[in-house]
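A.B. asks: Next up is a structure, given as structure tokens.
The values are calculated or read from the model by the stated rules, or taken from the named source; none is laboratory data. It should be emphasised that the depicted structure is a prediction, and the values quoted were computed from it without experimental measurement. FYI the Cβ positions are ideal-geometry reconstructions off the backbone, even for glycines, and counts take in every protein chain you see.
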Amino acid sequence: MKTLNKNKRKKLLVKRGAAVCLVAVVAIVSACIIQRKYNKKNQVSAYNSTKVIKKSKIKKVKSKDNKLSGADVFNIENCAPGVVEPWVTKKDSPHKVAYLTFDDGPSINTRKILDILNQNNIKATFFLIGKNVERYPDLAKLEVANGETVANHTYSHVLNYRESPDVFVNDINRCDTVLKSVLGDKYIPKFVRFPGGAFGRRIPPFKAAVTNAGYRFINWNALDGDAEHPLSSVDYLMDRVRTTVQGKKVVVILMHDAAAKTTTVQALPQIIQYLKSQGYSFGQLQ
Ligand SMILES: [Zn+2]
């Protein structure tokens, strides 16, 4: 009886031992499989993250080179100091070109204007007031990231030209300093639009001083008339565009990105459609 029990116990122990071994083997195999899967997953995610980094690098390059290229680019950087007139320089252009320009920003309208430009795959030029760049530096950066051209519209936008030309040049230099501090070198240096334009009997000594300081400056030869009243209707703005572009092959169109100019934002899609219907393609000052 005792021997029988002993044999039974032995068999039981062997069975238990085998079971424990089996469990151990299963556990080891499972652990190996899990480990392999984990490693694989990590490899994949590491690969993905490299991919993401590469993608974002590509994106950055794209946003840096987001600007328009091709025949309709008007290259400012090659222009000598003094007045720049694309409608004169490009008067023999084989096709009609419109350069959209927005003065006085950035403002609460900037994002809306950029959205409309993006919807139409158009790049514009923004002449920024230094004070407004200090107030909305992120909007100035957004313009650059969106591939727009950014240039100088003085720091304080004094319209009466009663101070000396030196004071005026200092105000332009101040805007240049603000643009540089916010945008680095991602704006056109030494390129300015005079507040109110470089017109009128007071202006010649100011033009001379700005030119002597090494700046190029540009006026316009068409407009939407949004500066002619505090707030004009969309119909009025459309009418001014139609009238002022008429018969012109190359147009630099003056509009305003100021907080009060809400109808310019409303009219912009129609202005673009009208220019397209008249056979204009859209260029960029760079
Ligand atoms: Zn202005």
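A.B. asks: Looking only at residues that are among the hydroxyl-bearing types (Ser, Thr, Tyr) and touching a helix residue (DSSP H, G or I) at 6+ places or on another chain (Cβ under 7 Å) in the range 257-279, which one is surrounded by the fewest Cβ atoms within 10 Å (Cβ to Cβ)?
C.D. replies: First pass over the range 257-279, keeping only residues among the hydroxyl-bearing types (Ser, Thr, Tyr): 262-264, 274, 277.
Remaining after also requiring touching a helix residue (DSSP H, G or I) at 6+ places or on another chain (Cβ under 7 Å): 263-264, 274.
Working: 263: 18, 264: 25, 274: 16.
Out of the qualifying residues, it is 274.
A.B. asks: Sticking with this structure for a sec: (1) surrounded by 22 or more Cβ atoms within 10 Å (Cβ to Cβ); (2) closer than 25 Å to residue 141 by Cβ: which one isn't true of residue 250, the others all being true?
C.D. replies: Against the list (1) surrounded by 22 or more Cβ atoms within 10 Å (Cβ to Cβ); (2) closer than 25 Å to residue 141 by Cβ, residue 250 comes up short only on (2).
A.B. asks: Restricting the search to the range 126-159, which residues are of a type outside the set (Gly, Ala, Ser), part of a loop (DSSP other than H, G, I, E, B) and within 13 Å of the ligand (Cβ to nearest atom)? Give the steps one after another, and end with the answer.
C.D. replies: Looking only at the range 126-159, we keep the residues that are of a type outside the set (Gly, Ala, Ser), and these are 126-129, 131-139, 141-144, 146, 148-150, 152-155, 157-159.
Add one more test, that the residue is part of a loop (DSSP other than H, G, I, E, B), and what stays is 129, 136, 146, 148, 153-155, 157-159.
Answer for the range 126-159, where residues must be of a type outside the set (Gly, Ala, Ser), part of a loop (DSSP other than H, G, I, E, B) and within 13 Å of the ligand (Cβ to nearest atom): 129, 153, 154, 155, 157, 158, 159.
Conditions tested, residue by residue: (1) surrounded by fewer than 23 Cβ atoms within 10 Å (Cβ to Cβ); (2) acidic (Asp, Glu); (3) at positive phi; (4) at pLDDT below 95.
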| residue | (1), (2), (3), (4) |
| --- | --- |
| 103 | no, yes, no, no |
| 113 | no, no, no, no |
| 125 | no, no, no, no |
| 130 | no, no, no, no |
| 142 | yes, no, no, no |
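A.B. asks: Does the range 207-218 include one or more residues that are crowded, with 17+ Cβ neighbours inside 10 Å and touching an Asp or Glu at 6+ places or on another chain (Cβ under 8 Å)?
C.D. replies: yes
A.B. asks: I've got another one for you. Enumerate the helices (runs of 4 or more DSSP H) found wholly within the range 169-286, keeping only those where 1 or more residues are among the β-branched types (Val, Ile, Thr), farther than 16 Å from residue 150 by Cβ and touching a Gly at 6+ places or on another chain (Cβ under 7 Å). Working first, answer last.
C.D. replies: On the way: elements: 204-212, 234-245, 262-277.
In the range 169-286, 204-212 are the helices (runs of 4 or more DSSP H) which contain 1 or more residues that are among the β-branched types (Val, Ile, Thr), farther than 16 Å from residue 150 by Cβ and touching a Gly at 6+ places or on another chain (Cβ under 7 Å).
A.B. asks: Let me ask another. Is there a residue being within 16 Å of the ligand (Cβ to nearest atom) and of a type outside the set (S, T, N, Q) anywhere in the range 240-251? Talk me through it step by step, then tell me what you get.
C.D. replies: The first filter runs over the range 240-251 and keeps only residues within 16 Å of the ligand (Cβ to nearest atom), leaving none.
Checked against the condition, which is being within 16 Å of the ligand (Cβ to nearest atom) and of a type outside the set (S, T, N, Q), the range 240-251 yields no hits at all.
A.B. asks: In addition: So in the range 228-247, with the set limited to residues that are surrounded by fewer than 18 Cβ atoms within 10 Å (Cβ to Cβ) and of a type in the set (D, E, K, R), which one is nearest to residue 100 (Cα to Cα)?
C.D. replies: Among them, the one singled out is 242.
A.B. asks: Residue by residue through the range 177-205, note down the ones that are farther than 18 Å from residue 80 by Cα, surrounded by 20 or more Cβ atoms within 10 Å (Cβ to Cβ) and either away from the ligand (no atom under 14 Å from the Cβ) or aromatic (Phe, Trp, Tyr) (or both).
C.D. replies: Within the range 177-205, 178, 179, 182 qualify.
A.B. asks: A follow-up question, please. If you take the residues in the range 87-120 that are within 15 Å of the ligand (Cβ to nearest atom) and assigned to a loop (DSSP other than H, G, I, E, B), which one is nearest to the chain's Cα centre (by Cα)?
C.D. replies: My answer is 106.
A.B. asks: Is it true that residue 123 is within 25 Å of residue 281 (Cβ to Cβ), charged (D, E, K, R), in a loop (DSSP other than H, G, I, E, B) and within 17 Å of the chain's Cα centre (by Cα)?
C.D. replies: On the way: within 25 Å of residue 281 (Cβ to Cβ): yes; charged (D, E, K, R): yes; in a loop (DSSP other than H, G, I, E, B): yes; within 17 Å of the chain's Cα centre (by Cα): yes.
Yes, satisfied.
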